[in-house]
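Asker: Below is a structure I'd like to ask you about.
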Amino acid sequence: MTRLTLSHLLLPFLGGTTAGYTTLSDDTLRHISSPLSASSPSELDPFDGSLLSPILIPRVPGTPGHAAVQAHFINYIKSNLSPEWTIEWHNSTSKTPATGEKLVPFQNLIIRRDPPGMTREREGEMERLTLAAHYDSLYRPEGFIGAVDSAVPCAVLLWVLKELDGAMGKRWGEWEDDGLERGKGVQVVLFDGEEAWVQWSGEDSLYGSSSRLDTISLFVLLDLLGAADPTVPSFFGKTHWAYQNMAKVEERLRGLKLLESEPKAGRFLHDSERSNWNFAGYVEDDHVPFLRRGVEDILHIIPTPFPRVWHTMDDDVKNLDVATVKDWAKIVAGFVGEWMDLEGHFEGVVPGTEDEKGRYFVKDEL
Ligand SMILES: *[C@@H]1O[C@H](CO)[C@@H](O)[C@H](O)[C@H]1NC(C)=O
Ligand SMILES: [Zn+2]
């Protein structure tokens, strides 16, 4: 009886879905953070990381740099993720204030993995954790890179997919589709055209049909990440529980000495204790069109105040903090791993040992 009451009480905190949320063990957190895991943190090195560094060029829609980054994404996905991932482009054209009458092409990229057996017709039986960032860069100032805005968030999301891909395969290999549990899928949405023009007409928009919007269980938007000392508040009472879960992952990773950054505030997600939601302030961003269309469960991971380099030529490689970039990747991977109930499904998790600095390492991994 108590159990029943408790689960009813908990339901609102689970975003109104029947989904669970499973904490990852210390060993799994260590595994995710290890250089020997599926995604190595070194892929996120701004200078020579195979994932991040090719994105750190100007990416204005319709230019060669933009096309090169798209090709890099596709190449990365095809060479690192299993074939169960679908790649979908949502292309449109639009006039922009910057280009007058000229039509500029915009291409949103969606990388999605649904539980096995989920066809378009059965979409109502599932939900998708939706992770988003924008990949285009500002038109002016000329040569603007947009390292935190949002090359790093895009790289972090792709890193997370590679990191968790194997565990998702194992989990779904064992999943019994009894029609009772809603299947959990995951998708990464890389937005285009955010900087030039955010326009959402019914026809061109990312999700033509509202059923696709209905499948979004939580919309996590990453923006302006990668500079040192970010302080990210919790913006929405409705998703504060999810914010707290991510903050808990950060706290545990720090406690296990698996993070490298030393932020002045002691942590990135500093707002866990908050309980007052009387103010209605939020930062305008890519999530607003979703909010207007009824996607209410939004977790906006954006530092406030914005990084000093925001929308200036200084938003480039040299002003990224490598440790902060890598730490964001580990935090997001931990959060997504918990959301997707991946504990126990990682290959190669072994109890590790600590070196003299208290840092974790694995002797015989792989
Ligand atoms: C959409 O844009 C992508 C990226 O430029 C391109 O590869 C793809 O062929 C386009 N799809 C359609 C249907 O035009
Ligand atoms: Zn911007």
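Asker: Would you kindly derive the ³J(HN,Hα) couplings of region 332-346 from the backbone phi angles with the Karplus curve 6.51 cos²θ - 1.76 cosθ + 1.60 (θ = phi - 60°), listing them in order in whole Hz, with x for Gly and Pro?
Answerer: In residue order, the calculated couplings are 5, 4, x, 5, 5, x, 6, 4, 8, 6, 8, 4, x, 10, 7 Hz.
Asker: Here's a follow-up. Per 0.36 nm of contour for each residue apart, how much would the distance between Asp26 and Glu176 grow if the chain were fully extended, relative to their Cα-Cα spacing? Before the final figure, lay out the partial values.
Answerer: Details: separation 150, 0.36 × 150 = 54.00 nm, distance 2.69 nm.
Here the answer is 51.3 nm.
Asker: What accessible surface, in Å², does a 1.4 Å probe find on Glu343, ignoring ligands, DNA and RNA and rounding to the nearest 10?
Answerer: Counting only protein heavy atoms, Glu343 exposes about 60 Å² to solvent.
Asker: Once the other residues with Cβ under 12 Å from the Cβ of Leu52 are scored (Lys, Arg +1; Asp, Glu -1), what is the net sum?
Answerer: My count for the surroundings of Leu52 gives -2.
Asker: Over 18 Å between C-alpha atoms is what I'm after, so list which of Lys257/Lys330; Lys162/Lys330; Lys78/Lys162; Lys78/Lys326; Lys248/Lys330 land there.
Answerer: On the way: Lys257/Lys330 12 Å; Lys162/Lys330 12 Å; Lys78/Lys162 11 Å; Lys78/Lys326 22 Å; Lys248/Lys330 13 Å.
Those over the limit are Lys78/Lys326.
Asker: I've got another one for you. Under a 5 Å amide H to amide H cut-off, with H placed in plane at 1.01 Å, what residues pair with Ser94 once short-range neighbours are removed?
Answerer: So Ser94 has HN proximity to Val104, Phe106.
Asker: May I pose another question? In a shell of Cβ-Cβ distance under 12 Å around Leu342, excluding Leu342 itself, what net charge do Lys and Arg (+1) and Asp and Glu (-1) give? Kindly include the intermediate steps, with their values, before the conclusion.
Answerer: On the way: positive: Lys170, Arg171, Lys184; negative: Glu163, Asp165, Glu174, Glu338, Asp341, Glu343, Glu347.
Charge balance in the 12 Å sphere: -4.
Asker: Quick one: how many Å² of Thr324 are accessible to a 1.4 Å probe, rounded to 10?
Answerer: 0 Å²
Asker: Each residue of region 73-82 in turn: what ³J(HN,Hα) in whole Hz from Karplus with 6.51, -1.76, 1.60 and θ = phi - 60°, glycine and Pro shown as x?
Answerer: 4, 4, 4, 4, 5, 5, 8, 10, 9, 6
The values are calculated or read from the model by the stated rules, or taken from the named source; none is laboratory data. These figures come from a predicted structure and were not determined experimentally. Methodologically, a virtual Cβ is constructed for each residue, glycine included, from the backbone with ideal geometry; neighbour enumeration extends over all protein chains shown. The area values use the complete protein model at the heavy-atom level, side chains included, leaving out ligands, DNA and RNA. Shrake-Rupley method; radii C 1.70, N 1.55, O 1.52, S 1.80 Å.
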